[in-house]
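All of the numbers you see were taken from the coordinates with simple rules; none came from a lab. Because the structure is a prediction, the values reported are computed rather than measured. Note: ideal-geometry Cβ built from the backbone for every residue, glycine included; neighbour counts use all protein chains shown.
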Amino acid sequence: SAVISQKPSRDICQRGTSLTIQCQVDSQVTMMFWYRQQPGQSLTLIATANQGSEATYESGFVIDKFPISRPNLTFSTLTVSNMSPEDSSIYLCSVRGPNQPQHFGDGTRLSIL
Amino acid sequence: EDKVVQSPLSLVVHEGDTVTLNCSYEVTNFRSLLWYKQEKKAPTFLFMLTSSGIEKKSGRLSSILDKKELFSILNITATQTGDSAIYLCAVEENAGNMLTFGGGTRLMVKP
């Protein structure tokens, strides 16, 4: 399966600031996704990162808060904007190749003070 | 609304015990059901099931899908402390390739 590098691994941020999380895959993949896992909760899909076009957001998530880029088939970024303590979560990148299951990056544990 | 429900929410067993984790689902355009193990941050892939009645096996872990009754089970035999983790079930739909996750089962295996 593809090797997925996600960074940073963790960060502690001040409220009102923004953080960009990067996801790099070692091979071209069809699909890239961003998930959020709030404390004690399961994973919730934020958006599908589309190469060269705007991401497709799930209900409850908007581009102004979670801008996403995907300039090519191996790289994507998620920005968490104007952070508040409610944004404290694990953020996970996942990828899916043709006829392959989704695999996840190591995740970014984000804490907002 | 599509949903995925896992049971039990949590489970405490002793080494050597056998456990069965359950996952039921209601989705509109089912493609596959996946099981993941989450120990720290990253869920690691265990199984992907697409057909009813065909058991997938990897060492002490096995899983099977029933598309008529809309559920899957994950079995772990001869449990070890290293099996302690959250086990996540997710369903993939035909449209969009997105995964809908269940709430997970937290398994603790005591020595």
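Calculate, for residue B:81 and residue A:38, the FRET efficiency according to 1/(1 + (r/R0)^6) with r their C-beta to C-beta distance and R0 30 Å; round to the nearest 0.05.
Numbers: r = 27 Å, r/R0 = 0.91.
Once rounded, the FRET efficiency stands at 0.65.
Per residue of B:35-48, other chain Cβ atoms within 10 Å of the residue Cβ number 5 on average. Rounded to 0.05, the FRET efficiency of the residue A:64 and residue B:51 pair, given R0 = 35 Å and the Cβ-Cβ distance, is 0.25. Counting, for every residue in A:105-111, the Cβ atoms of other protein chains within 10 Å of its Cβ and taking the mean gives 2.
Between the alpha-carbon centres of the stretch A:22-43 and the stretch B:63-80 there is a gap of 25 Å. If r is the Cβ-Cβ distance from residue B:62 to residue B:29 and R0 is 25 Å, what FRET efficiency results, to the nearest 0.05? Rounded to the nearest 0.05, the efficiency is 0.40. Only lysine pairs 8 or more places apart, or on different chains, with alpha-carbon atoms under 29 angstrom apart are counted in the stretch B:5-91, and they number 12. Can you list the residues of the stretch A:35-56 with backbone N under 13 Å from a point 7 Å past the Cα of residue A:88, pointing along Cα to Cβ? Hits in the stretch A:35-56 for residue A:88 at 13 Å: A:38-40. Distance from a point 7 Å along Cα→Cβ of residue B:110 to each backbone N in the stretch B:65-81: keep the residues under 20 Å and list them by number. Residues B:76-81 fall inside that zone.
Across the protein assembly as shown the C-alpha pair distances fall into 5 Å bins from zero in the proportions 1, 7, 15, 18, 18, 16, 12, 8, 4, 1, 0 percent.
Shielding of peptide B:85-95 by partners, expressed as the average count of other chain Cβ atoms within 10 Å per residue Cβ, is 1. Note: relative contact order over chain A, using C-alpha pairs below 8 Å and six or more positions apart, is 36 percent.
Against the compact-protein benchmark of 2.2 N^0.38 Å, the Cα-based radius of gyration of chain A scales to 0.99.
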